[in-house]
Structure formats: C-alpha cells, structure tokens
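Read the structure below first, then the notes.
The values are calculated or read from the model by the stated rules, or taken from the named source; none is laboratory data. These figures come from a predicted structure and were not determined experimentally. All Cβ positions, glycine included, derive from the backbone under ideal geometry; neighbour counts span all protein chains shown.
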Amino acid sequence: RFHKLNDHRRQRMISDRVLTDALDAIFENTVGLGRGFILILAALTLHTTHLGVGDIALFIYYMTFVAAFTQSFGTLIAQYAQTKVSCERMINLLQGAPAERLVSPKSLHLRHPLPEIPLQPKTEKHHLELVQATGLSYRYPDAGQGIENIDL
C-alpha cells in the first residue's frame, strides 16, 4: 500500500514540477520575445524621432524591471496553485479543527531568551520495567516466507 501511495505521490510531484518548469519557460520566453520586439521598434523609430542614445539606454534599463515583474507574476500564478493544494492538505490534517489554527500567532523566541522549562523529576512510574510483545509475524511480500508467532 505504501509503495502504491509513494508511486502516486511521485508521479504527481513530477507532473507538478514539469508544469511549473513549463510555465516558467513560457513566461521567460514571452518576456524575451517582448524585449526583442520592443528593441526592434525602438531601433526603427530611432531615426524618425528625437530619441537620443541616453533615452534608449534609460528605456532599456526600465524595461528590465518590467520584464522581471512579468516573469515574477507568471511564477506567482504557478506557486499560488501549489499553495492552494498545500493548504487543503494541511486543513485535512487538522481533523475538523478550525483552519485559523494554522495561522494562529505563536511566540518563536527568536529575539528574546528562551522561556524557562520546569524540571520534572523522574519517579518510579517513569522507569521502564518490562517490554513484552507476543504473536509477532512477518512475511516477505514477494516470497511469502517469514516468521510467525514470535514472543518477546
């Protein structure tokens, strides 16, 4: 059962990764094509307008920020879908508790000293006296051989 679940999860992770990488490639190439198109238009209009070399250089500098924003926005769309799935999984793990519990504030003690943890003295009830296991069995899945009714 675990092998089947792991294989299913692995296949889902691979398909998710392929989709994410494909979206990244699409957005990155779209940005590159847009840059090239704008630069060609700027070069064609350089002679007919009063744009200087400094104006073109400033335009290219600003265009880098616009391109980075466009690419980041595409990545954000892909990560939003992944986050939605992750949130649904975490809510399922809460077993009916309110979803707000996932984001309830907790003190992390990052900038202040750690709180005192009271020492709990060990008593006789904390000592392990006996470990007992009876009727243990194991069979190898492929061979069908194994052990049965082992008592420890």
Those residues of the range 130-143 which are among the aromatic types (Phe, Trp, Tyr) and modelled with pLDDT under 85 amount to TYR140
Answer yes if at least one residue in the range 62-80 is among the aliphatic types (A, V, I, L, M), in a helix (DSSP H, G or I) and modelled with pLDDT of 85 or more, and no otherwise. yes
Residue match in the range 109-129 (condition: among the hydrophobic types (A, V, I, L, M, F, W, C), at pLDDT 80 or above and not in a loop (DSSP other than H, G, I, E, B)): no
Going by the structure shown, is MET90 closer than 30 Å to LEU23 by Cα, in contact (Cβ under 8 Å) with a residue 24 or more places away in the chain and of a type in the set (A, V, I, L, M, F, W, C)? no
Is it true that some residue in the range 60-75 is free of Cβ contacts under 8 Å to residues at least 40 places away in the same chain, loosely packed, with under 10 Cβ neighbours inside 10 Å and either over 22 Å from GLY34 (Cα atoms) or touching a strand residue (DSSP E or B) at 6+ places or on another chain (Cβ under 7 Å) (or both)? no
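Quick grid of which residues meet (1) in contact with a Phe, Trp or Tyr (Cβ under 6 Å, 6 or more places away or on another chain); (2) within 30 Å of ARG12 (Cα to Cα); (3) among the aromatic types (Phe, Trp, Tyr):
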{"site": "VAL31", "(1), (2), (3)": "no, yes, no"}
{"site": "PHE37", "(1), (2), (3)": "no, no, yes"}
{"site": "LEU44", "(1), (2), (3)": "no, no, no"}
{"site": "THR49", "(1), (2), (3)": "no, no, no"}
{"site": "ILE56", "(1), (2), (3)": "no, no, no"}
{"site": "LEU76", "(1), (2), (3)": "no, yes, no"}
Residues in the range 8-50 that are without any contact (Cβ under 8 Å) to a residue 40 or more places away in the chain and more than 19 Å from the chain's Cα centre (by Cα) total 20
ILE14 - would you say it is in a helix (DSSP H, G or I), modelled with pLDDT under 80 and not hydroxyl-bearing (Ser, Thr, Tyr)? no
